[in-house]
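Student: Handing you this structure, nothing more for now.
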Amino acid sequence: MVNQQTQVGDLPGQLPASRPLMRDRDFLKMFVSEGSAGVGSQVSLLALPLAAIVLLHSSAFEVGTLAALGTLPYLLFGLPAGAFLERVRRRPVLLYSALGRAAVLAVVPVFWALGRLDVEILYAVAFLVGLMTTFYDIAWQAYLPSLVGTSRLHEASARLSLCDSGSQLVGPGLAGFLIRALSAPLALLVDALGFVVAGLSVRRIRRPEPSVVVSEDDSTMREQIAEGLRYVARHPLLRWTAVYTGAVNGVGAALNVVLVLFEVRVLHFSAGTIGVIFLLGNLGFVLGAPLVRSVTARLGVGRTMLLAALLGGTAPALFPLAKPGDAIPVLVVGWFCRALASPFYGVNQVSLRLAITPSRLLARMTGTMKFLVMGTMPVGSFLGGVLAGSFGSRSTLWLIASVSALSVLAVAMTKLRKVSTAPHELRPETVVGLNPELA
């Protein structure tokens, strides 16, 4: 069988080490693409469930199922997508998956205008958007080292986290405004435009992607997938990163379902109020993202990740405390703490796993990690809807808070907390037994 591998590293044509990232046109195009896609994702995160709740009067079970279908592709296709993306160039995948999401989201306002929108259509849209998001997320993480070089991964990840901070600040408020002014289906049409901008920005990148090297290899795709799984499972850092990140994402997916139900049906908030809560809470991400590099340099990777886990893991305990009289400040503070912790953990864990993985395994490692850490999201969304329908949203929020607090042990009690080396100084040969610092 022919096996194609994309060579990644500090290759000719990459960003020169002396050039500031934010002055490099190609990196700026990637920056704009991530920001546009992030805003689009934030709008659909609120618009899809609100379309189901407000327009279609969907049950908690249906809202949970809708959210689960949006992330189910990570569980179904994360592993084969990683193996596939080692055989092809990653930039075209980024382009087509962004434009594909725009086309699929545009279906919702069309069916709504025709009076034929139902929850099954929302199910299909959520699943297809999730499928293309799966390929997009794996492709950009595997593509980034070839764009900026391995020595600048941590800086690039920190810069791109600013896209997340901007989208998380602008997205929810924009979503609330658009839903209130235009309705949820038309808000998704504006959402689609964000993905068009993301795709066109990627298309304008001029720096050549490293060539795909064809080599003879008798291994099947199943064997290649198994190799990626073994690499993650045997590496002491990747293994526990997967455990904690998977728990965080499962909790976050459940929160996205249960909080919206709680805010609409218990607290009787409007879409605009919900958008403002998300906007104010996400200021934590905006404040935290620019500080990631300096805090990590001072505390080290492990301590930074541990402190972020402690803050983000305990914050959900605030949500079920919200009462009609004080709900908005309580919800904002809880969301602010989660958002503040997110870049400190996220930037370090992404940079860490890209830095310690051999180039030939980058896509497969990323696919495996996406399978493990995002595969918990459909489970969290589905269980969140089921439990909220059976026991009420406030009781379910208490359960979610308990699981979130327990998940911190995956960082506090493992080798992750001991990593002091900066991610850009780690190398792929850092595996079990070779580096005493990680033992």
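The values are calculated or read from the model by the stated rules, or taken from the named source; none is laboratory data. Note that the structure is a prediction, hence the values are computed from the model and not measured. Cβ atoms come from the backbone with ideal geometry, glycine included; neighbour counts cover every protein chain shown.
This table checks each residue for (1) assigned to a helix (DSSP H, G or I); (2) modelled with pLDDT of 50 or more; (3) within 29 Å of GLY252 (Cα to Cα); (4) in contact with a helix residue (DSSP H, G or I) (Cβ under 8 Å, 6 or more places away or on another chain).
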{"site": "LEU397", "(1), (2), (3), (4)": "yes, yes, yes, yes"}
{"site": "SER402", "(1), (2), (3), (4)": "yes, yes, yes, no"}
{"site": "ALA405", "(1), (2), (3), (4)": "yes, yes, yes, yes"}
{"site": "ALA410", "(1), (2), (3), (4)": "yes, yes, yes, yes"}
{"site": "SER420", "(1), (2), (3), (4)": "no, yes, yes, yes"}
{"site": "HIS424", "(1), (2), (3), (4)": "yes, no, yes, yes"}
{"site": "ARG427", "(1), (2), (3), (4)": "no, no, no, yes"}
{"site": "THR430", "(1), (2), (3), (4)": "no, no, no, yes"}
{"site": "LEU434", "(1), (2), (3), (4)": "no, no, no, no"}
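Student: So for segment 105-123 (the condition being at pLDDT 90 or above, part of a helix (DSSP H, G or I), in contact with a Ser or Thr (Cβ under 9 Å, 6 or more places away or on another chain) and among the β-branched types (Val, Ile, Thr)), does at least one residue qualify?
Tutor: Yes, some residue in segment 105-123 is at pLDDT 90 or above, part of a helix (DSSP H, G or I), in contact with a Ser or Thr (Cβ under 9 Å, 6 or more places away or on another chain) and among the β-branched types (Val, Ile, Thr).
Student: Would you point out the residue of segment 128-144, among those that are closer than 13 Å to PHE77 by Cβ and of a type in the set (Gly, Ala, Ser), that is surrounded by the most Cβ atoms within 10 Å (Cβ to Cβ)?
Tutor: Step by step, filter segment 128-144, then rank; the result is ALA139.
The rows are residues; the columns are (1) touching a His at 6+ places or on another chain (Cβ under 9 Å); (2) over 24 Å from LEU200 (Cβ atoms); (3) not polar (S, T, N, Q).
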| residue | (1), (2), (3) |
| --- | --- |
| SER41 | no, no, no |
| ALA47 | no, no, yes |
| LEU56 | no, yes, yes |
| GLU62 | no, yes, yes |
| LEU66 | no, yes, yes |
| THR71 | no, yes, no |
| PRO80 | no, yes, yes |
| GLU86 | no, yes, yes |
| VAL93 | no, no, yes |
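Student: In this structure, is ARG360 of a type in the set (D, E, K, R), at pLDDT 80 or above and surrounded by fewer than 24 Cβ atoms within 10 Å (Cβ to Cβ)? Write out each step before concluding.
Tutor: On the way: of a type in the set (D, E, K, R): yes; at pLDDT 80 or above: no; surrounded by fewer than 24 Cβ atoms within 10 Å (Cβ to Cβ): yes.
Against the criterion (of a type in the set (D, E, K, R), at pLDDT 80 or above and surrounded by fewer than 24 Cβ atoms within 10 Å (Cβ to Cβ)), ARG360 does not qualify.
Student: Restricting to segment 353-367, what's the tally of residues that are within 16 Å of the chain's Cα centre (by Cα), more than 16 Å from ARG87 (Cβ to Cβ) and not charged (D, E, K, R)?
Tutor: 1
Student: Could you pull out the residue among LEU72, LEU122, LEU85 that is crowded, with 22+ Cβ neighbours inside 10 Å, farther than 30 Å from GLY392 by Cα, of a type outside the set (Asp, Glu) and in contact (Cβ under 8 Å) with a residue 12 or more places away in the chain?
Tutor: Sole residue among the options that is crowded, with 22+ Cβ neighbours inside 10 Å, farther than 30 Å from GLY392 by Cα, of a type outside the set (Asp, Glu) and in contact (Cβ under 8 Å) with a residue 12 or more places away in the chain: LEU85.
Student: May I pose another question? With the condition kept exactly as written, say whether any residue in segment 134-156 is at pLDDT 90 or above, assigned to a helix (DSSP H, G or I) and farther than 19 Å from LYS370 by Cβ.
Tutor: Checked segment 134-156: no residue is at pLDDT 90 or above, assigned to a helix (DSSP H, G or I) and farther than 19 Å from LYS370 by Cβ.
Student: Then there is this: For segment 1-31, name all the residues that are touching a Ser or Thr at 6+ places or on another chain (Cβ under 8 Å), more than 24 Å from ALA81 (Cβ to Cβ) and modelled with pLDDT of 50 or more.
Tutor: GLN14, ALA17
Student: Next question, about the same structure. Go through segment 358-411 and count every residue that is in contact with a Pro (Cβ under 6 Å, 6 or more places away or on another chain) and of a type in the set (S, T, N, Q).
Tutor: 1
Student: Still on this structure, please answer the following. With the requirement that a residue be aliphatic (A, V, I, L, M), part of a helix (DSSP H, G or I) and modelled with pLDDT of 90 or more, what does segment 300-322 give you?
Tutor: MET305, LEU306, LEU307, ALA308, ALA309, LEU310, LEU311, ALA315, ALA317, LEU318, LEU321
Student: Filter segment 181-221 for residues that are within 28 Å of LEU352 (Cβ to Cβ) and at pLDDT 80 or above and give the result.
Tutor: Once the filter is applied, which keeps residues that are within 28 Å of LEU352 (Cβ to Cβ) and at pLDDT 80 or above, segment 181-221 yields ALA198, SER201, VAL202, ILE205, ARG207, PRO208.
Student: Being crowded, with 24+ Cβ neighbours inside 10 Å and at pLDDT 90 or above is the filter here; which residues of segment 385-395 pass it?
Tutor: Across segment 385-395, the qualifying residues are ALA388, SER393.
Student: When you go through ALA37, ALA81, ALA68, ALA47 one by one, which is the residue that is modelled with pLDDT under 90, more than 26 Å from VAL197 (Cβ to Cβ) and assigned to a helix (DSSP H, G or I)?
Tutor: None of the other options fit; the residue is ALA68.
Student: Any residue in segment 372-379 that is surrounded by fewer than 22 Cβ atoms within 10 Å (Cβ to Cβ), at pLDDT 85 or above and closer than 30 Å to ALA81 by Cα?
Tutor: Yes.
Student: For segment 271-299, what are the residues that are among the small types (Gly, Ala, Ser) and either in contact with a Cys (Cβ under 7 Å, 6 or more places away or on another chain) or at pLDDT 85 or above (or both)?
Tutor: Of everything in segment 271-299, those that are among the small types (Gly, Ala, Ser) and either in contact with a Cys (Cβ under 7 Å, 6 or more places away or on another chain) or at pLDDT 85 or above (or both) turn out to be GLY281, GLY284, GLY288, SER294, ALA297.
Student: Could you list, in sequence order, all residues of segment 290-347 that are free of Cβ contacts under 8 Å to residues at least 40 places away in the same chain and polar (S, T, N, Q)?
Tutor: Matches in segment 290-347: SER294 only.
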